[in-house]
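*Asks:* I'd like to ask some things about the structure below.
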């Protein structure tokens, strides 16, 4: 998130202020916020799962935004590829966490009387 805000967003034209800059800013900031909020609701049946799913979606949205920056404004291809790779790993980790959480919840329900 910090790299996106410090090194990508300032390179975009002012004409993108209310479109790509705004969307990329929000999606990149949303990932850690949603994880934190989900963690605080992990005691709820579906609370944690919903926030992890939303964080996963925001990570994927950030990937698309970064690819658009690269393609539309010819940002450094290697730099963008590294950021996309980082967000792809985050998205995969969130997906795996959601799957594991779902299995954990199902297993807990089966063992309760």
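The values are calculated or read from the model by the stated rules, or taken from the named source; none is laboratory data. Model, not experiment: these values are computed from the prediction. Cβ: placed from backbone, ideal geometry, glycine included. Neighbour counts: every protein chain shown.
*Asks:* Look at residue 46 and say whether it is surrounded by fewer than 17 Cβ atoms within 10 Å (Cβ to Cβ), over 21 Å from residue 79 (Cβ atoms) and at pLDDT below 95.
*Replies:* Numbers: surrounded by fewer than 17 Cβ atoms within 10 Å (Cβ to Cβ): yes; over 21 Å from residue 79 (Cβ atoms): yes; at pLDDT below 95: yes.
Yes, satisfied.
Residue by residue, here is whether (1) at pLDDT 95 or above; (2) exposed (fewer than 15 other Cβ atoms within 10 Å of the Cβ); (3) not in a helix (DSSP H, G or I) holds:
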| site | (1), (2), (3) |
| --- | --- |
| 34 | yes, no, no |
| 38 | no, no, no |
| 60 | yes, no, no |
| 81 | yes, yes, no |
| 84 | yes, no, no |
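*Asks:* Could you check how many residues of the stretch 7-30 are in contact (Cβ under 8 Å) with a residue 40 or more places away in the chain and in a loop (DSSP other than H, G, I, E, B)?
*Replies:* Residues that pass the stated criteria total 2.
*Asks:* If you go through the stretch 42-69 one residue at a time, how many are closer than 16 Å to residue 22 by Cα and free of Cβ contacts under 8 Å to residues at least 24 places away in the same chain?
*Replies:* Count: 2.
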